[in-house]
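Structure, as structure tokens:
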Amino acid sequence: MRNLTEEEFLALNGTEIGVSDWVLVDQERINRFAEATGDFQFIHVNPELARNTPFGSTIAHGFLTLSLFPMLAQAADLPLPVGMKMGVNYGGNRTRFLAPVKVGKRVRGRFKQIAYETKGGGQFQHTMEFVVEIEGEAKPALMAEWVTLYFV
């Protein structure tokens with residue numbers, strides 16, 4: 001993990017700051033997400049019924065794909081501010097689900113820094129483009145602009 005100063009962060013605006021390893025999205029992960037959220041739509045949890053859809057198999061929930069952000073960010077070894085005490089999700093400015101993640105596929109996160117701003121009182125706002133790529137496919141699963149607040 002790289003710890004950067006404010007000046008070093010500012011120099012990264014507009015650049016890619018990390019790419020994670022590939023992560024398998026299997027039926028067990030999808031089923032656990034359905035249990036956690038109460039979203040049991042058949043296209044996620046019933047392989048027999050999902051086989052007859054245009055997807056041909058079960059697919060991950062869009063929100064499951066989005067929820068991989070923390071794990072993929074950690075695996076990408078994204079930079080953090082020097083002296084950081086904590087970071088919290090501040091929200092998303094934009095999120096688009098572009099392609100389904102079929103069961104058995106692997107995904108990875110690609111992160112680009114959009115902005116790094118001083119908010120005062122030891123707080124910094126970090127805005128990143130978060131893209132989830134699907135192995136072997138040209139179209140990504142999702143693109144989001146995600147905002148994190150760092151406290152130093």
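The values are calculated or read from the model by the stated rules, or taken from the named source; none is laboratory data. Note that the structure is a prediction, hence the values are computed from the model and not measured. Glycine gets a Cβ as well: all are built from the backbone with ideal geometry, and neighbour counts include every protein chain shown.
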From the option list LEU72, LEU49, LEU66, LEU24, single residue qualifying as in contact with a Leu (Cβ under 9 Å, 6 or more places away or on another chain), hydrophobic (A, V, I, L, M, F, W, C) and either closer than 27 Å to VAL103 by Cβ or modelled with pLDDT of 95 or more (or both) is LEU66
In the stretch 48-76, what count of residues is obtained for those that are aromatic (Phe, Trp, Tyr) and assigned to a loop (DSSP other than H, G, I, E, B)? 1
Those residues that are of a type in the set (Gly, Ala, Ser) and outside any helix (DSSP H, G or I), I need them from the stretch 22-47; list them, please. GLY38
Search the stretch 9-31 for residues being among the charged types (D, E, K, R) and without any contact (Cβ under 8 Å) to a residue 60 or more places away in the chain, and hand back the single one that is farthest from PHE130 (Cα to Cα). GLU28
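Of everything in the stretch 51-72, what is of a type in the set (Val, Ile, Thr) and either surrounded by 15 or more Cβ atoms within 10 Å (Cβ to Cβ) or within 14 Å of MET128 (Cα to Cα) (or both)? Give them in sequence order.
Step one: of the stretch 51-72, the residues of a type in the set (Val, Ile, Thr) are 53, 58-59, 65.
THR58, ILE59, THR65, listed by residue number.
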May I ask you to say which residue of ALA144, ALA115, ALA75, ALA99 is buried (at least 18 other Cβ atoms within 10 Å of the Cβ) and touching a residue at least 12 places away in the same chain (Cβ under 8 Å)? ALA144
How many residues, within the stretch 131-152, are more than 12 Å from the chain's Cα centre (by Cα) and not hydrophobic (A, V, I, L, M, F, W, C)? 6
Residue by residue through the stretch 118-141, note down the ones that are assigned to a strand (DSSP E or B), surrounded by 19 or more Cβ atoms within 10 Å (Cβ to Cβ) and in contact (Cβ under 8 Å) with a residue 60 or more places away in the chain. PHE124, HIS126, MET128, PHE130, VAL132
What about ILE30, is it surrounded by 13 or more Cβ atoms within 10 Å (Cβ to Cβ), touching a Pro at 6+ places or on another chain (Cβ under 7 Å) and under 27 Å from VAL147 (Cα atoms)? no
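Residue by residue, here is whether (1) among the aliphatic types (A, V, I, L, M); (2) more than 17 Å from PHE63 (Cα to Cα) holds:
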residue: ASN89; (1), (2): no, no
residue: ARG94; (1), (2): no, no
residue: ALA99; (1), (2): yes, no
residue: GLN113; (1), (2): no, yes
residue: THR118; (1), (2): no, yes
residue: THR127; (1), (2): no, yes
residue: GLU135; (1), (2): no, yes
residue: PRO140; (1), (2): no, no
residue: VAL152; (1), (2): yes, yes
Quick check: is even one residue across the stretch 80-94 under 21 Å from VAL25 (Cβ atoms) and surrounded by 15 or more Cβ atoms within 10 Å (Cβ to Cβ)? no
